[in-house]
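The values are calculated or read from the model by the stated rules, or taken from the named source; none is laboratory data. Since the structure is predicted, the reported quantities are computational estimates derived from the model, not experimental observations. In this analysis, Cβ positions are derived from the backbone assuming ideal geometry, glycine residues included, and neighbour counts consider all displayed protein chains.
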Amino acid sequence: MNDRTRPFKPGEHFDVYPGLEQDPYAARGKLPEPAVCKNCGAVHQGGHWRWQAPPKEAEQVLCTACRRIADGLPAGYVHIDGEFATAHHDEVMQIVRGHEARAKAEHPMQRIMSVDEDGTTTVITTTDVHLARDIGTTLKADFQGKLELKYGPGESLVRVHWRR
């Protein structure tokens, strides 16, 4: 039985692009400059995505984060569980959302895609490996607990598990 034929387990991620050693959403060539994402309005100029008013001559494109969201393929998974996390859920999520807001303001490609909760476990998916890792390290720094980081091939996918 291979990965594709055995039953799916929640929180599991199949290798969507077997053998690919780099991020499938990484730019394969230079984007036109200036460019503006037709979904979120982020502007690509000078080799970076920024939140700014788009120049009139900007070409319409779809940014990496919006492509990931549309395809439903996260770069990061953050699993949060444990008695402390359940008892302090609102405080934990306030920290997570605050961290995302600060990261997104400076790095438009760092966004939370979804938050799934079942009462005891919260799973957050992100558009960027750095955001997922930073959420985990922020929770560890603020609340202690146990933090595990597992990177996929080429470090284009990360699984973060924080428990307390």
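Structure data summary
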| quantity | calculated |
| --- | --- |
| Single match in 59, 91 (criterion: under 21 Å from residue 31 (Cβ atoms), acidic (Asp, Glu) and without any contact (Cβ under 8 Å) to a residue 40 or more places away in the chain) | 59 |
| Residues within the stretch 68-110 that are under 13 Å from the mean Cα position of the chain (by Cα) and in a strand (DSSP E or B), tallied | 4 |
| Condition check for residue 36: crowded, with 18+ Cβ neighbours inside 10 Å, over 20 Å from the mean Cα position of the chain (by Cα), at pLDDT 90 or above and not small (Gly, Ala, Ser) | yes |
| Filter result for residue 152 (at pLDDT below 95 and under 16 Å from the mean Cα position of the chain (by Cα)) | yes |
| Options 134, 116: the member that is surrounded by fewer than 16 Cβ atoms within 10 Å (Cβ to Cβ), modelled with pLDDT of 95 or more and within 14 Å of the chain's Cα centre (by Cα) | 116 |
| Residues that are surrounded by fewer than 17 Cβ atoms within 10 Å (Cβ to Cβ) and β-branched (Val, Ile, Thr), drawn from the stretch 62-94 | 86 |
| Condition check for residue 151: farther than 24 Å from residue 31 by Cα and surrounded by 17 or more Cβ atoms within 10 Å (Cβ to Cβ) | no |
| Test: residue 113 is in the same structural domain as residue 152 (by TED's automatic domain parsing), outside any loop (DSSP other than H, G, I, E, B) and over 22 Å from residue 142 (Cβ atoms) | yes |
| Residues that are touching a residue at least 60 places away in the same chain (Cβ under 8 Å) and either over 14 Å from residue 163 (Cβ atoms) or part of a helix (DSSP H, G or I) (or both), drawn from the stretch 125-151 | 127, 128 |
| Conditions (1) over 15 Å from residue 88 (Cα atoms); (2) touching a helix residue (DSSP H, G or I) at 6+ places or on another chain (Cβ under 8 Å); number of the one not met by residue 145 | (1) |
| Number of the exception - residue 29 against (1) surrounded by 10 or more Cβ atoms within 10 Å (Cβ to Cβ); (2) at pLDDT below 95; (3) more than 30 Å from residue 93 (Cβ to Cβ) | (1) |
